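Inspection log for the structure reproduced underneath, given as structure tokens.
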Amino acid sequence: MKKHIIICLLFLGIFELVSCSKEPEDNHPYYKFNDSDLNLIINYNYIENQIITYENQFGEKLHYKVMSNIFKKESKYSGSGFVGSYSSLDYYYDSKIVRLEIVENESNYRYNQVIYNFSKSQNIFKNTLNNPIWNTESSSTFYDDVDRPFNIELNIYNSNNKIQLNINGHTFNKIVEINSNNNTTTFPPIYGALLTKNVNKVLYDYDFGIVEFEDIDGKVWKVIYP
């Protein structure tokens with residue numbers, strides 16, 4: 001009899017433990033990238049510490065070091081979020097962020113990073129580019145979080161006709177041309193950066209990212225496909 005009681009108590013204990021460990025149902029919305037969104041997201045597999053090289057017609061080179069390439073499910077909270085204050089989970093959303101450092105710039109502060117940012121927050125697809133040597137600034141500073149600054153809104157080019165171009169022996173098929181329409185160096189380097197902000201033309205490929213750019217001095221920098 002005593003043996004049966006012990007077995008019953010053990011069974012009840014296990015059942016209660018399993019019941020308590022079961023996660024509650026999560027009914028918060030989750031905004032995922034759909035097929036149309038994925039067609040606008042870089043699919044080149046950037047690998048951490050990889051070096052992407054750009055070379056101009058004079059043999060000068062710039063080296064872009066991959067800091068991270070993250071595709072994840074993000075959480076969006078409302079409320080102030082300060083310690084002791086109220087905040088609540090609103091929804092989840094898909095996000096992909098690729099960060100690169102221009103080695104010659106000697107600064108990895110977020111505003112000096114090359115950032116490809118893709119987001120489905122608020123159930124709206126957004127894609128932006130932060131180019132630290134671009135010679136104009138956007139009226140907005142970031143999407144979703146302060147660590148994602150940008151100065152080029154890519155969404156206005158999403159429906160543009162894409163061109164095909166062979167650059168250093170590699171063919172890119174989904175290129176758009178982006179111009180700042182500014183022929184001056186308008187902003188000095190910030191937070192210890194060394195490179196001048198003088199690029200006013202970018203060729204952007206939707207599968208790879210920046211494939212070519214030109215500065216106001218007429219130097220044309222082309223990617224050496226890795």
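The values are calculated or read from the model by the stated rules, or taken from the named source; none is laboratory data. Here the structure is a predicted model, which is why all the values come from computation and not from measurement. We place every Cβ from the backbone using ideal geometry, glycine too, and count neighbours over all the protein chains shown. These accessible areas exclude ligands, DNA and RNA; they are computed on the full protein's heavy atoms, side chains included. Shrake-Rupley method; radii C 1.70, N 1.55, O 1.52, S 1.80 Å.
Using 0.36 nm per residue and subtracting the Cα-Cα separation, the extra length available between Asp145 and Asn49 on full extension is 32.2 nm. Residues of region 113-133 with an amide N closer than 18 Å to a point placed 7 Å from the Cα of Lys76 along the Cα-to-Cβ direction: 117-128.
Tell me the relative contact order for region 68-217 as a rounded percent, counting alpha carbon contacts under 8 Å between residues six or more apart. Relative contact order for region 68-217 comes out at 17 percent.
Residue pairs exceeding 22 angstrom between C-alpha atoms, taken from Lys72/Lys120; Lys76/Lys126; Lys65/Lys96; Lys65/Lys162; Lys61/Lys174; Lys73/Lys162: Lys65/Lys162; Lys61/Lys174; Lys73/Lys162. Model label sites at His170 and His63, defined 7 Å from Cα along the beta-carbon direction, differ in position by 1.7 nm. Of the residues Ser88, Ser159, the one with the largest accessible area comes first in the ranking Ser159, Ser88, computed with a 1.4 Å probe on protein heavy atoms. Relative contact order of region 94-169: 23 percent, from C-alpha pairs under 8 Å at least 6 residues apart in sequence. Per-peptide packing, taken as the mean over residues of other Cβ atoms within 10 Å, places 55-63, 149-157 in the sequence 149-157, 55-63 from highest down.
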